[in-house]
1. How far apart, in nm, are the 7 Å Cα→Cβ label points at Asp72 and Asp27?
2. To the nearest 0.05, what FRET efficiency results for Lys60 and Cys10 with a Förster distance of 22 Å applied to their C-beta separation?
3. How many lysine pairs does region 15-78 hold where the Cα atoms are under 24 Å apart and the two sit 8 or more places apart or on different chains?
Amino acid sequence: MVENYIDENCDDKVAEIYKFEFQRKYDNGEFDFNHGYNFELNMLIDHYKRDVKDYDNARKYSNIYLYFGLRDFLKKLMS
């Protein structure tokens, strides 16, 4: 997968793999927030916080995670 879908000049291949998998699931309709847990987003946030210490990107993906949680909550509330 890394050789076929990730650019050779990419600095952080681990993050790109998580982003690719998340985007693939989202585009295919396979994305399920699963009551507040999503493996790819959680691992991406964890990678940015612990491994890379890039807190801006960790915050960005945390906000995306919170958005999906709020969207799921409102969808359940409205039905």
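1. A separation of 2.3 nm, rounded to one decimal place.
2. Values: r = 17 Å, r/R0 = 0.79.
That gives a FRET efficiency of 0.80.
3. Final tally of qualifying lysine pairs is 9.
Computed from the coordinates by the stated procedures, all read-outs in this text should not be read as laboratory data. All values reported here derive from a predicted model rather than from experimental measurement. Using ideal geometry, Cβ is built from the backbone for each residue, glycine included, and neighbour counts are taken over all protein chains shown.
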